[in-house]
Amino acid sequence: MPRRFHDVMHFGIFTVGDVAPDPATGRAPSEHERITRMIETALKAEEVGLDVFAMGEHHNPPFVTSSPTTVLGYIVARTSRILLSTSTTLITTNDPVKIAEDYATLQHLAEGRVDLMMGRGNTGPVYPWFGKDIRDGISLAVENYALLRRLWREDVVDWQGRFRTPLQSFTSTPRPLDGVPPFVWHGSIRSPEIAEQAAYYGDGFFHNNIFWPKEHTRRMIDLYRTRFEFYGHGPADQAIVGLGGQVYMRRRSQDAIAEFRPFFDNSPVYGHGPSLEETMEQTPLAVGSPQEIIDRTLQFREHFGDYQRQLFNVDGMGLPHQAVLEQIDFLGEEVVPVLRKEFGALRPAHIPDPPTHESLKAAQAR
Amino acid sequence: MRRTIAVVSAGLGSPSSSRLLADRLSAAAEREVRELGDEVEVRVIEVRDHAHDLVDNLISGYPAADLKGALETVIGADGLIAVTPTFTASYSGLFKTFFDVLDLLDDDALADKPVLIGATGGTARHSLVLENTIRPLFTYLRGVVMPTSVFAAPEDWGGAAVPDLLAHRIDRAAAQLAGEIHRRDAPVARDPFEPTPFADLLGAG
C-alpha cells in the first residue's frame, strides 16, 4: 500500500539504540536482545499507524546501531507502509560514496520509503577511529554532503576535495529510485552553520530539541527559516522543519512520573543534573497522561511555527521493552490521531506537506 | 561613556574575605573610571549563588535562567574583576566552573576584555597562585589581564608590617583596569546565530 499522499505531518519514533541496565533490576539486555527489540518497536510503530521510524548511528558501546542500512533493510522487508529514516547518519566520518550507495540501495528495496538525517556525531574518538579530526566537523559535513548530493544527482562525477581521494568518471550505483534522491534532513542542536547548510540546499532541518530550552531551539529554527527564504526556496514558513521530543505516558500523570523517575535519575544524559521537574519545565521532556503529551506537543507549533515531522524518543535508558511498546500504543491510539486532527485544523493551506518519495517524484515531473 | 564592570567573587563564607577584596577592588576601579570621565556601574556576581546551576549546566549543557543572566552580565561588561579564594594551591573549583560554563556559552566571552585578578588565601605563601594558575586561565580565555594582580593574606587585613601595602596594590591595579577600559570601545554583543553565508562555508573546505 503506498503512503497517503496528503499527510499534514509525519509522526514517528526515533531511537539511539543504547544498551542500558534497568535501574530496578540492574540487568541490561544483551546486544542481541537490544537489536531484536529495536526492530519490534519499528514493527509496532507501523502496526499502530505511525509514519516514521528512525534510528541513530554510533560506533562505540553502549550502542548497537553501527550498521543502520542493515537494520533498516530488514525492517523494510517486514513492513509495508512506514517511512524509514536515520537520526542521524554521520556525514563526517562515513565516506559519502558509501552513503550514496547504501541509501540508494535501501531506497530501491523500500520502494522509496526512505529518507535520511545528516548529523556530525558527538563522540570525540569516533573521528580519529575513522581517520578524521573532530575540529574539521563542520568542514567535513559541508564537503561530504556537497559530494553526496552530486553522486545522487549526476550520473558521472569528477570530484576533488580536502577529505577524500579524488574521483574521476565515477558513477554511484544504483542510481536513486525513479531518479529521485532520498529527501535529506540536516540535524543539529547547536551549530548555526548546519541550519545555514539546510537552508542553502532547501533541505529539511531537524532540531532535536529534547535536551534544550525552547528559546535556543527557536533561534536555530528561525535562522533556518530566514535563510531558506533568503536562498529562494520559498517563504520562511514553508521551510521543512522537524522536531524531537521525549515522552513517557501512563493513564495517570503521577504514575508516569513515578515510573519514569528512576530511569531519568540514572540516565547518562539526564541524570544527576537538573531534576525531572526542572527538566520538564525547561525542555520538551514530557512525562504524564496522553492528554498532557498532546498539550505539550501542540505547544511546539506555537513556539516554532507549522512543521512537518515530529519524532518521539520512547526507548533507551534501560526502559523495559514492554513499557516501550505501551508508549507506542499510546502514541498510535490516542496521541497522534488527536495531533493529526489538531495540527491539521490549525495549519494554513500554503504550508507544505511532509516530503515523500511520491511528492518529490511528482515535483520533479512538473 | 557609560561603562559596566562585572565583579565575580567566588568566596563561600559570609562575609568572605574574597568579597571583601572584590569590594575594595571594585570601589577603587569605580573611582578611577570616573576620574577618566566615564560613568560606571558595578555588577557583582556571587558565584556561590549559582553553585547548583553551574553543575547543572555542565550536566545538561544549558544554563538556568539566573545563571544565564550572570554570564551575560560578564559578557556585556567593559571590564571584569575576578576574585577567588585559594584552595589546594589553585583557584576554587567553583570559580573555575563559572568560567568553564561561560566559555561553553560563548567562547569569545572574555576576548580583549580587561580583567583584574585577585585572590585571597590562608597564608601569604599562596600569593603566586595568581601568577601560576589564575593569570594563565584568563590568558587562555583571551582576556587582557592587568599586570598588577592583588593577593590578600590574613595579615593584609590588619597587623601587616607595611599596613598600606594592600591599598597601594589595589589602587595601582584599579588604575590599570580603568585605563584599559577607557581606551576601548564598548563591547559589541556577538550574535551566535548570525549566519555565515554558505559560500564561505563551502570555500573554507
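Read the figures in this text as sums done on the coordinates, not as results from a lab. Keep in mind that what you see is a predicted model, and the values were worked out from it rather than measured. Here the Cβ is made from the backbone with ideal geometry for all residues, glycine too, and neighbour counts use every protein chain on show.
Brief remarks on what is shown
- Computed on the stretch B:1-148, with alpha-carbon pairs under 8 angstrom and 6+ residues apart, the relative contact order is 27 percent.
- Part-to-part distance (alpha-carbon centres) for the stretch B:42-61 and the stretch A:248-306, which is given in Å: 24 Å
- Averaging 1/r over every pair of different alpha carbons in the stretch B:100-139 and inverting the result gives a Kirkwood radius of 11.7 Å.
- For the stretch A:112-126 versus the stretch A:161-214, the gap between their alpha-carbon centres in whole angstrom: 9 Å
- FRET efficiency for residue B:128 and residue B:165, using Cβ-Cβ distance with R0 set to 22 Å, rounded to 0.05: 0.85
- Acute angle (nearest 10 degrees) that the helix A:336-346 long axis makes with the longest principal axis of chain A, alpha-carbon atoms: 70 degrees
- The protein assembly as shown - convex hull of alpha carbons, volume per residue in Å³: 171 Å³
- Local electrostatic count at residue A:289 - Lys and Arg +1, Asp and Glu -1, tallied over other residues with Cβ under 10 Å: -1
- Debye intensity ratio in log₁₀ form over the Cα atoms of the stretch A:9-73, taken at each q of 0.18 Å⁻¹: -0.69
- Relative contact order (%) - criterion: Cα under 8 Å, at least six apart; region: chain A: 20 percent
- Counting only DSSP H runs of at least 4 residues, each contributing -39500 (n - 2.57), and dividing by the residue count of chain B, the helix-based mean residue ellipticity at 222 nm comes to -13000 deg cm²/dmol.
- Model label points for residue B:100 and residue A:218, set 7 angstrom from Cα along the Cα-to-Cβ axis, are 3.1 nm apart.
- DSSP beta bridge pairing in the stretch B:2-204, given as percent antiparallel to the nearest 5: 10 percent
- Per-residue shielding of B:56-64, expressed as the average number of other chain Cβ atoms within 10 Å of the residue Cβ, stands at 5.
- Of interest is the spacing of the C-alpha centroids, which for the stretch B:63-129 and the stretch A:1-68 amounts to 44 Å.
- Computed per residue of chain A from DSSP H runs no shorter than four, each worth -39500 (n - 2.57), the mean residue ellipticity at 222 nm is -13000 deg cm²/dmol.
- Per-residue mean of C-beta atoms belonging to partner chains within 10 Å, peptide B:191-201: 6
- Between residue B:107 and residue A:278, the simple spin-label model (points 7 angstrom out along Cα→Cβ) gives 2.6 nm.
- Cα radius of gyration and Dmax for the stretch B:2-204 (Å): 17.4, 66
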